[in-house]
Protein chains: 2
Amino acid sequence: MSVHEKMNFETKQAIKKAFIQQVEEEGFERVTVKKLALTAQINRGTFYLHYSDKYDVMEDLQQELLMELERYVKHVQPVDAFQTMKMGQLYQPFIKVIACIKEHAPAFRMLLGEQESPGFTQKMKIIFGNHILDRLSVLREEVQDPEFQQYLQAFIASAILGVIQEWLDKGNENLTVEEMVALHFRLLRFLGNVVADS
Amino acid sequence: MSVHEKMNFETKQAIKKAFIQQVEEEGFERVTVKKLALTAQINRGTFYLHYSDKYDVMEDLQQELLMELERYVKHVQPVDAFQTMKMGQLYQPFIKVIACIKEHAPAFRMLLGEQESPGFTQKMKIIFGNHILDRLSVLREEVQDPEFQQYLQAFIASAILGVIQEWLDKGNENLTVEEMVALHFRLLRFLGNVVADS
DNA sequence: CCTTCACTGAACACAATGTTGATTTGATAA
DNA sequence: TTATCAAATCAACATTGTGTTCAGTGAAGG
């Protein structure tokens with residue numbers, strides 16, 4: 001029984017791998033089930049035993065990544081992060097978030113990069129926004145305004161994601177995971193200084 | 001020299017309108033030339049007298065919007081903006097940028113929203129990044145580092161765009177153009193304070 | 001009145017889709 | 001060993017969208 005499940009699993013993995021490859025090469029739009037079956041070296045009919053269509057593959061991949069990412073984002077506490085960074089140290093929970101993205105760099109690059117998948121960026125923003133900013137709201141009364149909080153979440157989450165996208169687009173070998181974490185705080189500090197001075 | 005040099009302007013407009021509508025409803029992927037011709041109330045063959053395929057329509061729309069947007073973004077000078085806002089006034093050039101987006105809200109919502117067009121977000125970030133941050137680099141030596149500047153551009157441009165996306169997603173009737181401009185500076189100030197205090 | 005030209009309508013070959021039914025493969029368990 | 005059964009194969013099918021072609025229509029204006 002377990003072997004049957006494993007064969008099943010490997011075929012699905014082959015389809016996903018072929019999918020990532022094809023989206024990177026030609027964009028989601030130009031992916032066809034026919035080509036997927038060809039590169040995954042399976043029969044076209046077999047594809048339909050695993051997925052209903054290419055959207056189904058996309059959703060499967062997104063779920064997989066978002067669930068794992070959320071596991072790490074959960075442990076980020078902005079207040080602790082600021083304090084840790086002020087002492088010149090790297091904040092471990094955030095390191096794990098960036099490391100998770102680096103580990104799955106090809107998939108994240110596909111979903112966030114030039115051939116981005118509609119909606120995935122939004123989903124990532126929501127994860128970042130919900131977890132990181134729920135805790136920041138304790139800090140200041142201004143965030144109690146739900147509308148302001150909503151825009152603040154969009155603001156911060158987009159900024160962080162923008163830096164990650166830039167990192168992935170550049171091939172993500174330019175900066176190590178630790179340098180990326182340091183960069184985020186350097187950017188925040190820089191912005192804080194500019195605002196304070198002007 | 002094509003037989004059909006002068007073509008009806010209104011037909012192209014009808015195609016674009018149908019295109020925006022269909023992307024909003026079903027996403028770019030599910031747009032078909034057949035359905036476009038149907039909703040634009042033209043013959044399917046007529047479509048091909050104007051555009052080569054649906055990608056062609058998309059590019060036309062993007063060009064149109066990006067060119068107009070850039071006209072306004074050009075005049076934004078961050079140093080002036082900060083000073084104007086410190087005096088409790090609204091910075092006019094930025095108002096014009098937001099007003100431009102509001103004017104073409106359906107199109108921008110289509111290209112930036114849930115069914116976002118791959119690549120359009122990046123193009124907007126580049127416009128924001130190039131124009132707004134070229135001038136900020138005079139302010140501080142830290143920005144002289146080209147790598148830091150690149151990430152700073154991604155950081156700020158993504159943040160601004162994130163707020164605009166949120167605004168559009170909510171139906172963009174919640175806040176007026178002026179309130180949006182004020183919100184951006186409120187967000188910046190808030191972030192500056194949090195960073196300074198921690 | 002007749003030309004021009006954007007658009008129509010119908011037909012074409014082609015490609016991908018999603019489904020079906022009959023068949024092969026290979027690991028497991030009696 | 002052999003029967004079993006899930007997984008994958010193969011071929012065929014109707015359907016839908018594509019991009020192109022070409023003869024024809026009707027309104028504007030020279």
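Read-outs throughout are calculated quantities, based only on the coordinates presented, and are distinct from any laboratory measurement. Quick caveat: nothing in here was measured; it's all calculated off a predicted structure. Because the Cβ atoms are built from the backbone with ideal geometry, glycine has one as well, and the counts that use them run over all protein chains shown.
Temperature 20 °C, viscosity 1.002 mPa s: under these conditions the Stokes-Einstein estimate for the stretch B:1-86, based on its Kirkwood radius over C-alpha pairs, is 143 µm² per second.
Volume per residue for chain B equals 157 cubic angstrom (convex hull of Cα atoms).
Per residue of peptide A:66-72, the mean number of Cβ atoms on other chains within 10 Å of the residue Cβ is 0.
Principal semi-axes of the equivalent ellipsoid, √(5λ) from the alpha carbon gyration tensor of the protein assembly as shown, are 37, 31, 17 Å from largest down. With a threshold of 28 Å on the Cα-Cα distance, the over-threshold entries among A:K86/B:K74; A:K74/B:K86; A:K35/B:K17; B:K86/B:K125; A:K170/B:K102 are A:K86/B:K74; A:K74/B:K86; A:K35/B:K17; A:K170/B:K102.
Ranking B:V195, A:V194, A:P146 by how far each Cα lies toward the positive end of the dipole of the protein assembly as shown (charges on Cβ) leaves A:P146 at the top. For peptide A:156-169, the mean count of partner chain Cβ atoms within 10 Å of a residue's Cβ comes to 6. Averaging over all projection directions, the Cα-based convex hull of the stretch B:91-198 occupies 7.7 nm² in the image plane.
Would you compute the Debye intensity of the stretch B:63-120 from its alpha-carbon atoms alone, equal scatterers and no solvent, and pass along log10 I(q)/I(0) at q = 0.28, 0.29 Å⁻¹ to two decimals? Summing over Cα pairs of the stretch B:63-120 leads to -1.07, -1.11. All C-alpha pair distances within the stretch A:2-51, sorted into 10 Å bins from zero, spread as 28, 53, 17, 3 percent across the bins.
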